[in-house]
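The values are calculated or read from the model by the stated rules, or taken from the named source; none is laboratory data. Given the structure is predicted, the values throughout are model-derived calculations rather than measurements. Note that each Cβ is placed from the backbone with ideal geometry, even for glycine, and that neighbours are counted across all protein chains shown.
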Amino acid sequence: MAHASTRKTFILGLGAQKSGTTWLYNYIQNSPYADCGMTKEYHIWDAVFIPECREFVVQPDQASGSELLALRQRLQNDLARYADYFCDLLGSHGVSITADITPAYAGLGPEHLTRIYEDFERRGVDCKFIFLMRDPVERCWSATRMKKSVESDLYGKRPDEEILPTYFKTTDARFRTDYRQTIMALDAAVPSENVYYGIYEEMMQPEQIEALSRFIGIKPDPKFSGRIFNAFPKTEVISMATRRAVAAEYRHVYEFCAVRFPRTRTLWNSMDSV
């Protein structure tokens, strides 16, 4: 028998990019009690408050002819409508769960997270936060492979070994990979029982799927165990020198997570490169 959440629930997925967020979206959307609306990534709060995400700001001439872009423009211009949109989804018969899984939200400050939490709580909706993390070297390398595929006109056929060293120090890479900053913002903004932390390297294992399902309020679905979405497979290698350089840049992240999540000491192979 399917299990439904006893209270209306909104889930904010904060990333991290290339850490299983597409898997998370598909897992939530697969529930018969979930309706995430038009898209996985709404890009509302990041577009307004994170300088590196200004590309997601919808201009008036872009909104015409696209229902999704028109919605984004409305919500970006009036943040008070954000919770209303998802509460409307929750008002549909049989729907008790909805979500916005936008990885760039990892860069939001505690004041923004508090506002989102309180906006939903005032409407009687349980607001939960999910943050997924991946070995920082592997996250940056995966983002590099994605950029080569999605932005081929910019990166062409340049090798990973050439692109990764220019990417991992960018402000875009830093705010997406500084898990410590995101976790500290969550600690300051919302009750700990409303936050779920997942580690990419283990999150698709049955016992972790069960823990995630309990947090969301749905029945575990074992068929998602080991499934991969939106992957950009490795077809090249990077040198140990490059791996060490990326690991050194995010030494503070490895050290923080080793204390906060001790299992990362064994799950994150690149920790040995720090």
If you check 172, 160, which single one turns out to be closer than 27 Å to residue 111 by Cβ, in contact with an Asp or Glu (Cβ under 7 Å, 6 or more places away or on another chain) and of a type outside the set (Gly, Ala, Ser)?
172
Residue under evaluation residue 203, criteria (1) surrounded by 18 or more Cβ atoms within 10 Å (Cβ to Cβ); (2) over 30 Å from residue 163 (Cα atoms); (3) among the hydrophobic types (A, V, I, L, M, F, W, C), criterion not met:
(2)
I need the full set of residues from segment 135-166 which are surrounded by 12 or more Cβ atoms within 10 Å (Cβ to Cβ), at pLDDT below 90 and not in a helix (DSSP H, G or I), in order please.
158
Scan segment 215-235 for residues that are surrounded by 13 or more Cβ atoms within 10 Å (Cβ to Cβ) and part of a helix (DSSP H, G or I) and report the count.
3
Here's a check for you: in segment 245-274, which residue that is polar (S, T, N, Q) and over 16 Å from residue 178 (Cβ atoms) is surrounded by the most Cβ atoms within 10 Å (Cβ to Cβ)?
273
Looking for whichever is of a type outside the set (A, V, I, L, M) and assigned to a loop (DSSP other than H, G, I, E, B) here; the options are 169, 128. Which one fits?
169
For residue 181, are the conditions met, namely being polar (S, T, N, Q), surrounded by 12 or more Cβ atoms within 10 Å (Cβ to Cβ), touching a strand residue (DSSP E or B) at 6+ places or on another chain (Cβ under 9 Å) and under 17 Å from residue 134 (Cβ atoms)?
no
Output for segment 167-178, where each listed residue is over 30 Å from residue 128 (Cβ atoms) and buried (at least 22 other Cβ atoms within 10 Å of the Cβ):
168
Do we find a residue being without any contact (Cβ under 8 Å) to a residue 60 or more places away in the chain, under 20 Å from residue 14 (Cβ atoms) and not acidic (Asp, Glu) anywhere in segment 150-171?
yes
When residue 272 is run through (1) without any contact (Cβ under 8 Å) to a residue 60 or more places away in the chain; (2) acidic (Asp, Glu); (3) closer than 30 Å to residue 95 by Cα, the failure sits at (3)
Go through segment 261-274 and report how many residues are within 19 Å of the chain's Cα centre (by Cα) and either under 19 Å from residue 165 (Cα atoms) or part of a helix (DSSP H, G or I) (or both).
1
Does at least one position in segment 55-70 carry a residue that is surrounded by 15 or more Cβ atoms within 10 Å (Cβ to Cβ) and either of a type in the set (S, T, N, Q) or closer than 19 Å to residue 117 by Cβ (or both)?
no
Quick one: would you say residue 120 is farther than 30 Å from residue 266 by Cβ, buried (at least 21 other Cβ atoms within 10 Å of the Cβ) and either among the polar types (S, T, N, Q) or out of contact with any Ser or Thr (no Cβ under 7 Å at 6 or more places or on another chain) (or both)?
yes
For segment 182-197, what are the residues that are touching a Gly at 6+ places or on another chain (Cβ under 8 Å) and either not hydroxyl-bearing (Ser, Thr, Tyr) or not in a helix (DSSP H, G or I) (or both)?
185
Flagged in segment 220-241 as among the hydroxyl-bearing types (Ser, Thr, Tyr) and under 15 Å from residue 143 (Cα atoms), in numbering order, are 235
Exactly one of 189, 258 is modelled with pLDDT of 95 or more and under 30 Å from residue 115 (Cβ atoms), and that one is 189
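Restricting the search to segment 85-113, which residues are among the small types (Gly, Ala, Ser) and free of Cβ contacts under 8 Å to residues at least 60 places away in the same chain?
91, 92
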